[in-house]
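Take a look at the structure set out below.
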Amino acid sequence: MLAERCYCELRSCCLDKAMAGFSLDLGPLKEPLGFIRVLEWVFSIFAFATIGGYTGTTHLTVSCPDGDKPVEAFFAYPFRLAMKPYCLPPSCNGSCTETYLQGDFSSSAQFFVCVGVFAFLYCTATLIVYLGYRSVYLQTSRGPVIDLLLTAAFAFLWLVSSSAWGKGLTDVKYATDPNRLVQLCTSCKAGEFPSMGRLNASVIFGFLNLILWAGNCWFIYKETPFHKVPAPPTTMQEGGAPGP
């Protein structure tokens with residue numbers, strides 16, 4: 001009972017201290033620092049949402065005397081293509097052979113999603129600081145400097161993850177191309193190519209995030225002591241004697 005009471009008092013004290021410094025101010029949203037952070041928050045959601053949960057289907061058809069028989073090969077995020085087999089009929093007598101798509105592109109896909117999720121969480125945390133603890137953020141130079149370093153790190157991560165996933169998406173398209181898969185079946189014809197509009201959009205959102213995070217470094221840099229505002233030129237006092 002004593003330990004529980006102490007825990008409750010400590011928790012209440014911490015909450016009181018946190019709320020004491022909180023002061024909601026929407027003014028930073030009108031400035032580039034806060035407005036760009038909101039854009040980063042939105043575009044990071046778009047980046048990992050367009051790739052997470054994706055499922056696609058590549059189509060083949062087998063020519064038989066009684067008509068064409070469809071063959072469908074399914075694949076999904078995180079793009080370990082050999083996880084799920086598809087039935088490839090070697091003939092038209094009803095028998096089939098389990099066949100697998102080839103390739104494992106989960107590393108680049110999961111890395112891209114991981115960067116997007118952590119970027120979303122960081123944007124959420126910094127927006128709370130900008131809007132509720134602005135005075136604490138600017139009280140010392142430590143807050144802006146840490147913010148600048150982390151923002152630059154995320155810009156670099158967006159560059160690496162977007163480039164890696166762009167290459168991974170190219171490999172996924174090649175591995176699921178019906179025109180290549182028909183080489184495994186002499187009586188097969190290529191069908192509909194899998195729809196990958198969402199995946200193409202994810203790469204675009206990744207590079208848009210790179211531009212946003214890299215550009216935002218400048219506005220955060222202006223809040224740090226590294227950005228020295230030039231002192232205004234000195235002027236002669238009115239009525240003073242001119243210098244030599």
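The values are calculated or read from the model by the stated rules, or taken from the named source; none is laboratory data. Just so it is clear, the structure is predicted and the values come from calculations on it, not from any experiment. FYI the Cβ positions are ideal-geometry reconstructions off the backbone, even for glycines, and counts take in every protein chain you see. Surface areas here come from the heavy atoms of the whole protein model, side chains and all, with no ligands, DNA or RNA. Shrake-Rupley method; radii C 1.70, N 1.55, O 1.52, S 1.80 Å.
With all protein chains in place and ligands, DNA and RNA left out, the 1.4 Å accessible area ranks THR58, THR50 as THR50, THR58, largest first. In the complete set of protein chains, residue-level accessible area for ASP171 is approximately 50 Å², probe 1.4 angstrom. Cα-based radius of gyration for the range 63-143, normalised by 2.2 N^0.38 Å, reads 2.18. Label reach from LEU184 (point 7 Å along Cα→C-beta): in the range 50-66, amide nitrogens under 15 Å belong to 57-62.
Take the Cβ atoms of ILE211 and VAL145, set R0 to 25 Å, and the FRET efficiency comes out at 0.65. Full extension of the chain between ALA125 and ALA82 gives 11.6 nm of extra length, using 0.36 nm per residue less the Cα-Cα distance.
Approximating the spin labels as points 7 Å out from Cα along Cα→Cβ, the LYS222-to-VAL38 distance works out to 1.8 nm.
Amide H contacts under 5 Å for CYS64: LYS69, restricted to partners 5 or more places along the chain or on a different chain, H placed in the peptide plane at 1.01 Å from N. Taking amide H as placed 1.01 Å from N in the peptide plane, the amide H of PHE105 sits under 5 Å from that of ARG80, LEU81, each at least 5 places away or on another chain.
Using a 1.4 angstrom probe and counting only protein chains, how large is the accessible area of PHE75 in Å², to 10? It works out to around 10 Å².
Accessible-area rank, largest first, for ASP68, ASP177: ASP68, ASP177, with all protein chains present and a 1.4 angstrom probe. For the range 124-216, which whole-number percentage of the solvent-accessible area (1.4 Å probe, protein heavy atoms only) is attributable to carbon and sulfur atoms? Reported share for carbon and sulfur atoms: 68 percent. The simple Förster model, with R0 at 35 Å and r as the Cβ-Cβ distance, assigns ASP25 and SER106 a FRET efficiency of 0.20.
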